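Structure record follows, encoded as structure tokens.
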Amino acid sequence: MDDSIILPITSYLQSFNGESLSLISFVIAVIAMLAMFRLFGLVGLYVYCSSATITANIQVLKLMNFESLSDPVALGTATFSTIFLCNDIITEHYGKEAAKKCIWLSFITQVVITITMVIAVGFKPLEGDVCHDAMSTLFLPAPRLLIASLAAFVVSQLFNINIFAFLSNYFKEKMLWLRSNVALMVSELIDNIIFSSLAWVILSPTPVSNSTLIYTYILGTYLLRVVFALFSTPIIYWSYYFKPEAE
């Protein structure tokens, strides 16, 4: 029964190009984030950010093709973009310190998940256990990808909330559209630079060329992130309508 439901859905989704499917992923993630904000307030945003961080770090293991790029790139751009958006919403409504707690909570959650899954994979598999190899692939990523991802996450997220908070003070909490776009675009470029440089050059046993690093891995997916940042502008305004009345 599962195959009769899930497989047709995935087969249908595979008919979409990478850009369209990324946009669909972004919209669904935003709906989930705003719903959790409405139902659970700040705690809901913390839970969303932690779960999105885990999801994005699994998605990044899969390569995908964009029609606008010649080389395949790692999946996860849409999900990563909502994490930046989530922290901006936290900073806007609850302040910079609350957003910092979210960053470190998400970071620790990813580390704990990795450690516990390494132990789980360490159990000797039973004969014919097809799940063992699948779990190994998903939860035992190359150390360089894990290091690059965690380093890029912490640095870029801290830049994001600090830039947003600085602009909030400078503009006296006005110009929300400008504060949001500047913080998102700058911090997401930092994230792309750190992750791509570490994962595909500095820590990679087979470094890519400088042109591939810059034009495919850094600037290629960054253009998509800019689009998501622009889409994020009305979402931050809408967040005021989703904030629980009791808070």
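Okay, here's what the table says:
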| item | result |
| --- | --- |
| Residue in the stretch 193-209 that is among the polar types (S, T, N, Q) and touching a Ser or Thr at 6+ places or on another chain (Cβ under 8 Å) present | no |
| Some residue of the stretch 200-213 being exposed (fewer than 14 other Cβ atoms within 10 Å of the Cβ) and touching a residue at least 40 places away in the same chain (Cβ under 8 Å) | no |
| Test: residue in the stretch 175-191 that is surrounded by fewer than 21 Cβ atoms within 10 Å (Cβ to Cβ) and touching an Asp or Glu at 6+ places or on another chain (Cβ under 8 Å) | yes |
| Selection status of F195, farther than 25 Å from P143 by Cβ and of a type outside the set (V, I, T) | no |
| From the options S180, S168, S106, residue that is more than 19 Å from T79 (Cβ to Cβ), in contact (Cβ under 8 Å) with a residue 40 or more places away in the chain and among the small types (G, A, S) | S168 |
| Condition met for T55 (within 24 Å of L176 (Cβ to Cβ) and either crowded, with 23+ Cβ neighbours inside 10 Å or in contact with a helix residue (DSSP H, G or I) (Cβ under 6 Å, 6 or more places away or on another chain) (or both)) | no |
| Any chance S20 is farther than 20 Å from K101 by Cβ and over 21 Å from the mean Cα position of the chain (by Cα) | no |
| Qualifying residue in the stretch 63-84 (condition: closer than 21 Å to P234 by Cα, surrounded by fewer than 18 Cβ atoms within 10 Å (Cβ to Cβ) and at pLDDT 85 or above) | no |
| Failed condition for Y240, given (1) under 15 Å from C86 (Cα atoms); (2) over 22 Å from the mean Cα position of the chain (by Cα); (3) crowded, with 19+ Cβ neighbours inside 10 Å | (3) |
| Criterion (touching an Asp or Glu at 6+ places or on another chain (Cβ under 9 Å) and not aliphatic (A, V, I, L, M)) met by exactly one of Y48, Y94 | Y94 |
| Candidates V201, V208, V186 - the one that is among the aliphatic types (A, V, I, L, M), part of a helix (DSSP H, G or I) and more than 20 Å from the chain's Cα centre (by Cα) | V201 |
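The values are calculated or read from the model by the stated rules, or taken from the named source; none is laboratory data. Just so you know, these numbers come straight off a predicted model, no measurement behind them. Neighbour counts run over all protein chains shown; Cβ positions are idealised from the backbone, glycine included.
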